[in-house]
Amino acid sequence: MRGLDGVYVAETRISYVDGEKGRLWYRGYAVDELARKATFEEVAYLLIHGKLPNREELEEFRSRLIAARRIPEHVIEVAEKLPQNLHVLDKMRVLVTLLYGWYGDGKPRMLTSKQVDAKPVIEAGTGLVGAAPRLLGIIAALEEGRELPSEKFELDSHAAYTLYALTGREPSLPERDAFNTLLILYADHELPASTFAAMVAASTLTDIYSAIDAALATLKGPLHGGALEEVAKMLLEIGDPENAEKYVENVLSSGKRLMGFGHRVYKTYDPRSLILKKVASIIANAVGGEARRLYETAVAVENAALKRLARKNIYPNVDFWASVLLYALGIKPRYYTGVFAVARIVGWVAHVAEYVARNRLIRPRALYTGPLNLPYLPLEARQ
Ligand code: SDX
């Protein structure tokens, strides 16, 4: 099937996506409950280690993440030299690659021809989960001419630290909770293109830094993570709820894709989108002004879109309402896919570690449909 639609390429115990009912579970826990009650750190531990951490495990994991915020000087020096207009994910790819070896080499260890020790992947991967918010914050601060985010700020919350690193200001309590929910909802999603890219790379037993590089490159595309910033651009271009109907009509009648709508697996509302719509409404209406207007424009776009797309089982996906919430949190659209990556590094590490533990090189076939045994013609004899 084109695009591996409906093709199962692995078994996993990490996430289950019920596309018909619009449900999502992480290691057997319903994501709506985790989004309401857990911290991102607990969910990251759950996805990577397969169980909710006890107090001691959580403290140890949290201190690993905090220690990883200390980015080596040589990485910051390169970050300062990167061309300003390079896409955020390309900058993250450069900086993640420069971290090679910083948290251990991240290379799976061959134990037998079938058994591989994934511990180095988890060790180095956890370091990258911890470093990612400050990497993204350094990129944003350099682009905006702001002071680099301190590694010391906000010792007790990955979400609050990420929001501070990205905006340069201390987030309010409702903002921290909202952003914690968003990071949890973006932490994993079974086998999207970026996770599969990481797995294909890892199946050659390369290191986790390279596998995450492959995932970041894949996430960037507008059919995947890149949609997150495209939604914001679309809503800002529409500008007002009054213009939504006409805009949606123009996009759909010209056969284009409405960013933030549709999903390969969900044929109903993406459950993450339902949660984020509520959270976006609270924050956007508390912030007011531009944020409230963007939310109201998004409501009008959703109504206009569903009138035309619901019959084709096309609904808002996670990116649509996440984009509205990120805007209300004062984050610039160019960093949105970077936020997606900060959360999803957890899922990439978890799936790579799970796959390589019973590794087999991923090498599918392509059905050959061309000619065979054509005669080689010398240059002068060719048309
Ligand atoms: C993410 O995989 C994951 O889980 C990803 C993700 C995650 O957590 O990792 O959930 C995150 O990437 C969400 C998706 C973000 N992308 C977008 O919002 C971009 C816009 N959406 C699409 O382009 C599209 O919906 C996809 C790529 C997401 C899924 O498309 P499929 O499964 O390949 O479907 P398709 O291209 O075969 O389309 C089927 C039909 C087509 O119409 P027909 O030719 O049959 O008449 O649906 C139409 C498409 O034109 N269609 C849309 C549409 N999405 C599908 N029409 C208008 N607008 C859209 N957004």
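The values are calculated or read from the model by the stated rules, or taken from the named source; none is laboratory data. As the structure is a computational prediction, the values presented were derived from the model and not from experiment. Reconstructed Cβ throughout: ideal geometry from the backbone, glycine too, with neighbour counts over all protein chains shown. We work out accessible area using only protein heavy atoms, side chains counted, and drop any ligands, DNA or RNA first. Shrake-Rupley method; radii C 1.70, N 1.55, O 1.52, S 1.80 Å.
Below are the figures for this structure:
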| read-out | value |
| --- | --- |
| Of the criteria (1) farther than 30 Å from GLY3 by Cα; (2) surrounded by fewer than 24 Cβ atoms within 10 Å (Cβ to Cβ); (3) in contact (Cβ under 8 Å) with a residue 12 or more places away in the chain, which one LEU166 fails | (2) |
| Enumeration of residues in the range 351-364 that are in a helix (DSSP H, G or I) and more than 27 Å from GLU230 (Cβ to Cβ) | VAL352, ALA353, GLU354, TYR355, VAL356, ALA357 |
| Selection count, the range 169-202, where residues are hydrophobic (A, V, I, L, M, F, W, C), part of a helix (DSSP H, G or I) and either touching a Gly at 6+ places or on another chain (Cβ under 7 Å) or open to solvent by less than 10 Å² (accessible area, probe 1.4 Å) (or both) | 9 |
| Residue check for VAL96: under 18 Å from LEU216 (Cα atoms) and either touching a Phe, Trp or Tyr at 6+ places or on another chain (Cβ under 8 Å) or among the aromatic types (Phe, Trp, Tyr) (or both) | yes |
| Qualifying positions in the range 268-283 - in a helix (DSSP H, G or I) and either of a type in the set (Phe, Trp, Tyr) or touching a Leu at 6+ places or on another chain (Cβ under 7 Å) (or both) | PRO271, ARG272, ILE275, LEU276, VAL279, ALA280, ILE283 |
| Any hit, the range 121-134, residues being of a type outside the set (Val, Ile, Thr) and open to solvent by 50 Å² or more (accessible area, probe 1.4 Å) | yes |
| Residue within the range 322-343 that is of a type in the set (Gly, Ala, Ser), assigned to a helix (DSSP H, G or I) and within 9 Å of the ligand (Cβ to nearest atom) present | no |
| Residue match in the range 318-328 (condition: in contact with a Gly (Cβ under 7 Å, 6 or more places away or on another chain), aliphatic (A, V, I, L, M) and more than 30 Å from VAL116 (Cα to Cα)) | no |
